[in-house]
1. State whether the residues of the stretch 19-40 include one that is hydrophobic (A, V, I, L, M, F, W, C), under 30 Å from Gln119 (Cα atoms) and not in a loop (DSSP other than H, G, I, E, B).
2. Go through (1) over 30 Å from Val132 (Cβ atoms); (2) exposed (fewer than 10 other Cβ atoms within 10 Å of the Cβ); (3) of a type outside the set (S, T, N, Q); (4) under 44 Å from the mean Cα position of the chain (by Cα) one by one and return the number of the condition Glu93 breaks.
3. Within the stretch 12-44, can you find the residues that are touching a residue at least 60 places away in the same chain (Cβ under 8 Å) and over 21 Å from Arg134 (Cα atoms)?
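Derivation of every value follows stated rules applied to the coordinates shown; laboratory data play no part. Quantities reported herein were computed from a predicted structural model and do not represent experimental measurements. Counting neighbours? That spans all protein chains shown, and the Cβs are built from the backbone with ideal geometry, glycine included.
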Amino acid sequence: MATDNAEPYVEPVGDTLTVPLHREELRVGTRAVDTGRGVRIHKTVSEHPRHIDETLLYDELDVRHVTVDKIVPLSEAPAARQEGDTLIVPVVEEVLVTERRLRIKEEVHITRTRRTRTQTGTVMLREEDVVVERFDEGPHK
């Protein structure tokens, strides 16, 4: 027997009442959907000449051989030395006499002169540009 009111239908069975119960359930999940939308990226590389005008620093060496011709004892063998901007490197040889001695045959004088010069020229510099294009190929789902 059904009624029009909002109360649930209750059916008596002997001394027992039966009341129907309802329960709602929820299931949540994900799925891939092709929306038809996308992005296209264009990258271009361009070169632009740039003029440079830069001062460079460099060393210039002047090498001279200076004759010395001097005999020195082995205990006084000369070492390289610095005099101002000049590096002096002794060149020795052994000579045989009654005893062995060192004779300074020559010295090599190396003078450093610091100079500058201007270097001009053109160099190519690269530059990248990116364009992003959005597009829609199909209906939205």
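1. Looking only at the stretch 19-40, we keep the residues that are hydrophobic (A, V, I, L, M, F, W, C), and these are 19, 21, 26, 28, 32-33, 39.
If we keep only those that are under 30 Å from Gln119 (Cα atoms) as well, we get none.
No, the stretch 19-40 has no match at all.
2. For Glu93, the exception is condition (4).
3. Just the residues of the stretch 12-44 that are touching a residue at least 60 places away in the same chain (Cβ under 8 Å), to begin with: 33-44.
Matches in the stretch 12-44: none.
Residue-wise test of (1) in contact with a His (Cβ under 7 Å, 6 or more places away or on another chain); (2) of a type in the set (Ser, Thr, Tyr); (3) free of Cβ contacts under 8 Å to residues at least 40 places away in the same chain; (4) surrounded by 10 or more Cβ atoms within 10 Å (Cβ to Cβ).
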{"site": "Arg64", "(1), (2), (3), (4)": "yes, no, no, yes"}
{"site": "Asp69", "(1), (2), (3), (4)": "no, no, yes, no"}
{"site": "Gln82", "(1), (2), (3), (4)": "no, no, yes, no"}
{"site": "Leu87", "(1), (2), (3), (4)": "no, no, yes, yes"}
{"site": "Arg100", "(1), (2), (3), (4)": "no, no, yes, yes"}
{"site": "Arg114", "(1), (2), (3), (4)": "no, no, no, no"}
{"site": "Thr118", "(1), (2), (3), (4)": "no, yes, no, no"}
